[in-house]
Amino acid sequence: MNVPQGDLEMSDQPDHFASEPEQLEYLGASDSPSHAGARRWSAITAASVAVVVAAGAGAWGVAQLMAGGESAATAVPAGAVAYLSIDLDPSASQKVQALTTLKKFPAIAEQLDLGVRDDVRRWVFEQAQQDGQCEDVDYAADVEPWLGDRMAVAAVPSDSGSVMPLVVLQVSDQDAARAGADKLSECAGEDVSVAFVGDYMLLSEKQGDVEDMAAAAESASLADDPGFADWMDRVGDPGIVTAYASGDAPQALIESGVAESADDGGLAGQIGSLYEDFEGAAAVVRFADGSIEAETASAGLPASFASGEGVPTLGTLPATTAAALSIGLPEGWLQDYTQSMQDMMGQEGSADDFWADLERGSGFDLPEDIETLFGDGFTVAVDSSADFETAMESSEPPRIPVGLRISGDPAEIAGVLDKVFAQAGDVQDAVWVRETEDGVTVGLQQEYVDQLVAGGSLAGSDSFQRVVPDADRAGAVFYVDFDAGNGWAEQLAQALGDEQVVENVAPLDAVGISTWTDGGTSHGLFRMTTD
């Protein structure tokens with residue numbers, strides 16, 4: 001091993017804790033559906049959700065929220081514990097940009113058979129018909145005259161303990177919408193009850209239920225609920241897809257499941273305990289500034305191993321970096337994570353028992369050695385100069401520019417590495433190790449290890465700044481620059497021998513995924529840019 005000294009940089013992260021779970025009223029409902037009826041209606045709801053999700057996934061960024069009109073949340077009761085909406089405005093100004101971006105990818109262009117002037121709603125409906133659904137329904141005659149551009153599904157709890165599904169569709173003609181709903185219900189072989197709130201048609205299984213939900217929405221809608229508004233603020237600008245779960249969602253859904261199941265084997269209690277601190281969550285998918293992005297916010301979810309504090313910054317990596325992953329880790333992260341997983345799976349015993357069994361005969365002190373090995377956080381990086389084709393064809397150990405920077409006590413980290421090398425045979429001869437004041441760097445190429453220790457200027461890269469806009473506060477970051485160097489991504493795709501992969505990699509510029517905490521809220525951002 002080569003063990004000279006140097007310096008590595010680290011960034012500090014905020015640590016704030018303040019958030020109050022919102023209080024939502026529960027809706028009184030009429031007769032609770034039978035188990036068979038609930039299952040039938042679940043199928044209708046699942047189909048509705050599938051349409052919404054398919055539209056969002058198949059036409060990401062094809063539309064933006066309309067400038068006028070009210071959102072679907074105005075037709076949903078304030079007591080809803082879960083909500084998912086999508087806007088399919090076919091005349092939105094961003095439609096041209098979105099379709100242009102998406103059609104850069106041959107695989108999407110082939111599936112997304114849409115022009116800039118096409119009706120996205122028709123496309124979604126016809127996709128459903130290709131699966132043999134409602135083949136006798138004519139979109140132009142039976143659907144287009146009344147269907148608006150916004151739709152949503154929601155979960156609304158009742159006094160009986162069940163959670164009722166609600167489908168909300170924007171309409172322009174109530175009479176035509178009712179007739180269209182009847183025809184769709186007939187072709188689907190299911191009964192659907194209808195009510196109206198403003199410009200929206202509400203659909204549910206029982207007439208009494210849907211009328212109660214309509215009355216509740218007119219009295220107090222989800223759009224007016226402070227908790228809903230707060231979570232929408234936490235995910236920033238509005239988008240084409242919006243999702244929300246209140247702090248009451250896990251318990252309400254658990255109680256609903258218990259009401260429909262005579263024996264759940266104690267699973268409901270285990271899940272309820274796991275989410276007892278849940279305060280809420282929201283997500284938005286949007287097309288902005290020439291990129292596709294999804295942003296999330298949540299509070300009170302079961303702990304993960306990423307702390308959101310002290311992540312080793314990616315900004316000091318070489319500017320030629322092709323891909324990197326950086327994660328900050330709190331003290332005791334692995335022990336806590338193991339215990340959390342055991343609790344979630346309902347396993348008996350403690351995390352200590354699990355690690356004691358694993359430690360026997362291993363030659364390691366577990367989980368302490370693993371936690372020491374990854375320090376306060378680590379960064380894995382690969383440089384765009386890597387010759388992947390040669391590496392894949394060679395029978396010798398790869399000498400590509402891949403490295404691991406670990407932040408922590410260098411002596412302690414090196415001690416665990418010695419244990420690893422002692423059991424790994426010739427592996428030690430294939431890696432280079434350098435200790436610095438702030439940690440240890442390991443790599444397969446001496447030159448690249450030296451570059452990682454010296455630091456670089458990735459933070460100044462336009463691609464990096466676009467997809468990881470707030471890297472300094474991130475607790476975890478994943479980054480890929482497809483255009484770094486001399487086209488490493490296309491070369492790798494060509495080495496894999498799949499022409500379709502090559503064609504669909506070519507339009508990509510960069511992808512970034514980052515997470516951070518702010519005021520007790522966990523945030524996440526996915527952003528993808530194209531050439």
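Only a single item in (1) under 30 Å from residue 482 (Cα atoms); (2) at pLDDT below 75 is not met by residue 319, and it is number (2). Just one of the listed residues (138, 131) is surrounded by fewer than 22 Cβ atoms within 10 Å (Cβ to Cβ) and under 32 Å from the mean Cα position of the chain (by Cα), namely 131. Against the definition (surrounded by 13 or more Cβ atoms within 10 Å (Cβ to Cβ) and assigned to a helix (DSSP H, G or I)), how does residue 484 come out, yes or no? No, not satisfied.
Cβ-Cβ contacts under 6 Å between residues 6 or more apart (or on different chains), taken from a first residue in segment 372-385 that is on the phi > 0 side of the Ramachandran plot to a second residue that is not in a strand (DSSP E or B), are listed as 375/408; 375/413; 377/310; 377/311; 377/312; 377/329. Filtering segment 497-526 to residues that are modelled with pLDDT under 95, within 16 Å of residue 314 (Cα to Cα) and touching a Lys or Arg at 6+ places or on another chain (Cβ under 8 Å) leaves only 516.
Restricting attention to segment 348-372, the residues that are polar (S, T, N, Q) and either surrounded by fewer than 17 Cβ atoms within 10 Å (Cβ to Cβ) or over 25 Å from residue 421 (Cβ atoms) (or both) add up to 2. Against the conditions (1) more than 29 Å from residue 284 (Cβ to Cβ); (2) of a type outside the set (D, E, K, R); (3) outside any loop (DSSP other than H, G, I, E, B), where does residue 170 fall short? Just the number, please. Failed condition: (1). Which residue is surrounded by the fewest Cβ atoms within 10 Å (Cβ to Cβ), if the candidates are limited to segment 141-185 and must be more than 20 Å from residue 200 (Cα to Cα) and among the hydroxyl-bearing types (Ser, Thr, Tyr)? Going through the qualifying residues, I end up with 160. Sub-6 Å Cβ pairs linking a first residue in segment 391-417 that is in contact (Cβ under 8 Å) with a residue 24 or more places away in the chain to a second residue that is among the aromatic types (Phe, Trp, Tyr), at least 6 apart or interchain, are 401/448; 403/448; 406/378, ordered by first then second residue.
Scanning segment 278-305 for residues that are in a loop (DSSP other than H, G, I, E, B), at pLDDT below 80 and in contact with a Phe, Trp or Tyr (Cβ under 8 Å, 6 or more places away or on another chain) yields 302, 303, 304, 305.
Within segment 502-519, the set of residues being touching a residue at least 60 places away in the same chain (Cβ under 8 Å) and assigned to a strand (DSSP E or B) comprises 515, 516, 517, 518.
Taking helices (runs of 4 or more DSSP H) as the structural unit, those lying wholly within segment 344-425 and holding at least 3 residues that are among the charged types (D, E, K, R) correspond to 351-359, 368-374, 410-423.
The values are calculated or read from the model by the stated rules, or taken from the named source; none is laboratory data. Keep in mind that what you see is a predicted model, and the values were worked out from it rather than measured. Note that each Cβ is placed from the backbone with ideal geometry, even for glycine, and that neighbours are counted across all protein chains shown.
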